[in-house]
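To start, the structure itself, in structure tokens.
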Ligand code: HC1
Ligand code: SF4
């Protein structure tokens, strides 16, 4: 152990511990900006470029995130020299930063803004030259404004080391340095999966989601449109954070009330379509098992994962389920079934989705997800964007009464909720597949070994006389490991769930910012399992409204009409 003092307090830590981590042991907070450490997903961004964490030692100022402790060290975190250095660092960053905080998408969530505030920066001290980069608005999901980049490299570490997509990297030198795509291509021309994890870790407004709230307001104000909204599983356990609630507080009823107040005519649940997805995916899985072909089946709910697969494993597209995602199944059923139930034309319905994800914005624009006249889903907004709309409308979210979802597309089972946690789709699919394959009642429906945020979770389950090898993966870097095995023929899985975001949809790129605190992600997941546990119906094929949809409209799961409305195809 190494013994040192920080602000006069003694502490003993392992060799090679940084001053920053030693200070954490003493509950001494040293501000950081570029540094981002998330043990749970093995992310450690320690480029030490920003120098916000300067602390004083007898030998001078050192960056706490990049300096290891030494025996007998005496560290002071708040000397005038250290505070002054931090303030100067922020002032220098601001000298080449657009000072448009009031109108910046990140206003209120910007870590640079918070640090400037905490350090008492009250003017622009250095008025030097400014870069003037173009803003990349090429995609439906992400806006990249390099003028707001502080070169912390968090996005690069996330994209390259964790997601293993490798779209973003540092180029040029000196004042021209930027984190960019290959040849500075527009992001929609690259292999970007639109997972949004770079947005989730960007401390400033350099990477943000495309804000679609204006489009939603426009639709709500059209007199000839019936505007229908669906809410994804992971939204209900995270939106409350935007209003000061703890992560994992369940606000489903308040969300429905808020959406009604915003003017949505029908407030429905993506979970309803998640149950449909299981009926279709379980049927497809059983079909493939019986034929012994196209195994392992790969789940298809996550658009960033599908995008990644198309770019990186085009020869394996026969394995991915042909099921549309619940988001798009919902849109298709709303326009092709619900519209006729309420006597209006599909084109007169606008379907809005509230998702924890920014890839969902890209997904809805895929040309095959709809028909010549209309798309399944018209506008997708994130959890964060919904919170903005609620605030814009002056709705007192915390004091809203709970309201139930509308029917018939508001009923769902416990299994649908856990779609939002990694492993949940697999667990839900196994609940139905088991009963359909064995014709027996599944007593213990909790597949606990597939829960938790480990990146790769594998387990075996006996279904009748068959042993099913199952795997749930989260994070594209982990997906790469598993898919390389599948490609080389070394894998013996029958079914694999993949979610692109480390932690699953609860950690999606459109969720309230977690600022590196993965306890928030765990709390959100736990809340989804809590909803499942306390649901009256927990098996997707027991959803009365879904079964009614099949008897009234779709016919058999995986039948002709189901294929027409609920299945899709992919591009290599
Ligand atoms: Fe997800 Fe899904 S679970 S992809 O993670 O299959 O986004 O929440 O809506 O579509 O249901 C996201 C979440 C979501 C879909 C469902
Ligand atoms: Fe990389 Fe995902 Fe960001 Fe695209 S969205 S640049 S794949 S981290």
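The values are calculated or read from the model by the stated rules, or taken from the named source; none is laboratory data. Here the structure is a predicted model, which is why all the values come from computation and not from measurement. So basically every Cβ, Gly included, is an ideal-geometry build from the backbone, and we count neighbours across all protein chains shown.
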Restricting to segment 232-245, name every residue that is surrounded by fewer than 24 Cβ atoms within 10 Å (Cβ to Cβ) and touching a helix residue (DSSP H, G or I) at 6+ places or on another chain (Cβ under 7 Å).
242, 243
If a residue must be in a loop (DSSP other than H, G, I, E, B) and either farther than 20 Å from residue 360 by Cα or free of Cβ contacts under 8 Å to residues at least 60 places away in the same chain (or both), how many such residues does segment 165-191 contain?
10
Qualifying residue in segment 208-218 (condition: closer than 17 Å to residue 43 by Cβ, assigned to a loop (DSSP other than H, G, I, E, B) and more than 16 Å from ligand 1 (Cβ to nearest atom)):
no
Restricting the search to segment 414-456, which residues are outside any loop (DSSP other than H, G, I, E, B) and surrounded by fewer than 21 Cβ atoms within 10 Å (Cβ to Cβ)?
435, 436, 437, 438, 448, 449, 456
Among the listed residues 61, 102, 26, which satisfies the condition of being over 25 Å from residue 512 (Cβ atoms) and out of contact with any helix residue (DSSP H, G or I) (no Cβ under 6 Å at 6 or more places or on another chain)?
26
In segment 386-410, anything assigned to a loop (DSSP other than H, G, I, E, B) and farther than 30 Å from residue 540 by Cβ is listed as 393, 394, 395, 396
From the list 277, 299, which one is away from ligand 2 (no atom under 16 Å from the Cβ), closer than 23 Å to residue 162 by Cα, surrounded by 22 or more Cβ atoms within 10 Å (Cβ to Cβ) and at pLDDT 95 or above?
299
Can residue 497 be described as more than 23 Å from the chain's Cα centre (by Cα) and at pLDDT 95 or above?
no
Selection from segment 281-295 of residues that are surrounded by fewer than 24 Cβ atoms within 10 Å (Cβ to Cβ) and in contact (Cβ under 8 Å) with a residue 60 or more places away in the chain:
283, 284, 286, 287, 289, 295
It is to be established whether one or more residues within segment 355-365 are under 20 Å from residue 566 (Cβ atoms), out of contact with any helix residue (DSSP H, G or I) (no Cβ under 9 Å at 6 or more places or on another chain), within 16 Å of ligand 2 (Cβ to nearest atom) and outside any helix (DSSP H, G or I).
yes
Have a look at 149, 110, 192, 198 and point out the one that is crowded, with 16+ Cβ neighbours inside 10 Å and touching a helix residue (DSSP H, G or I) at 6+ places or on another chain (Cβ under 6 Å).
198
Might you let me know whether segment 122-144 holds any residue that is under 22 Å from residue 310 (Cα atoms), in a helix (DSSP H, G or I) and more than 16 Å from ligand 1 (Cβ to nearest atom)?
no
Residue 94 under 28 Å from residue 123 (Cβ atoms), surrounded by 17 or more Cβ atoms within 10 Å (Cβ to Cβ) and free of Cβ contacts under 8 Å to residues at least 40 places away in the same chain:
yes
Hey, among the residues in segment 206-228 that are surrounded by 24 or more Cβ atoms within 10 Å (Cβ to Cβ) and more than 15 Å from ligand 2 (Cβ to nearest atom), which one's farthest from residue 385 (Cα to Cα)?
228
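Yes/no matrix, rows are residues, columns are (1) in contact with a helix residue (DSSP H, G or I) (Cβ under 7 Å, 6 or more places away or on another chain); (2) away from ligand 2 (no atom under 16 Å from the Cβ); (3) in a loop (DSSP other than H, G, I, E, B):
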site: 480; (1), (2), (3): no, no, no
site: 486; (1), (2), (3): yes, yes, no
site: 490; (1), (2), (3): no, yes, yes
site: 509; (1), (2), (3): yes, no, yes
site: 516; (1), (2), (3): no, no, yes
site: 530; (1), (2), (3): no, yes, no
Please work out if residue 537 is modelled with pLDDT of 95 or more and within 22 Å of residue 321 (Cβ to Cβ).
no
Of 529, 565, 569, 550, which residue is modelled with pLDDT of 95 or more and surrounded by fewer than 16 Cβ atoms within 10 Å (Cβ to Cβ)?
569
I'd like the full set of residues that are in contact with a strand residue (DSSP E or B) (Cβ under 9 Å, 6 or more places away or on another chain), in a helix (DSSP H, G or I) and away from ligand 1 (no atom under 15 Å from the Cβ), limited to segment 259-283.
259, 260, 262
Is it true that residue 135 is touching a strand residue (DSSP E or B) at 6+ places or on another chain (Cβ under 8 Å) and without any contact (Cβ under 8 Å) to a residue 24 or more places away in the chain?
yes
Given the conditions (1) closer than 24 Å to residue 281 by Cβ; (2) surrounded by fewer than 16 Cβ atoms within 10 Å (Cβ to Cβ), and given that residue 505 satisfies all but one, which numbered condition is not satisfied?
(2)
Does segment 343-350 contain at least one residue that is surrounded by 24 or more Cβ atoms within 10 Å (Cβ to Cβ) and within 16 Å of ligand 2 (Cβ to nearest atom)?
no
Restricting to segment 404-426, name every residue that is more than 12 Å from ligand 1 (Cβ to nearest atom) and touching a strand residue (DSSP E or B) at 6+ places or on another chain (Cβ under 8 Å).
405, 406, 409, 410, 411
Pairing a residue in segment 490-516 that is free of Cβ contacts under 8 Å to residues at least 24 places away in the same chain and under 14 Å from residue 470 (Cα atoms) with any residue that is more than 13 Å from ligand 1 (Cβ to nearest atom) and not in a loop (DSSP other than H, G, I, E, B), where Cβ atoms lie under 8 Å and the two sit 6 or more apart in sequence or on different chains, gives 492/469
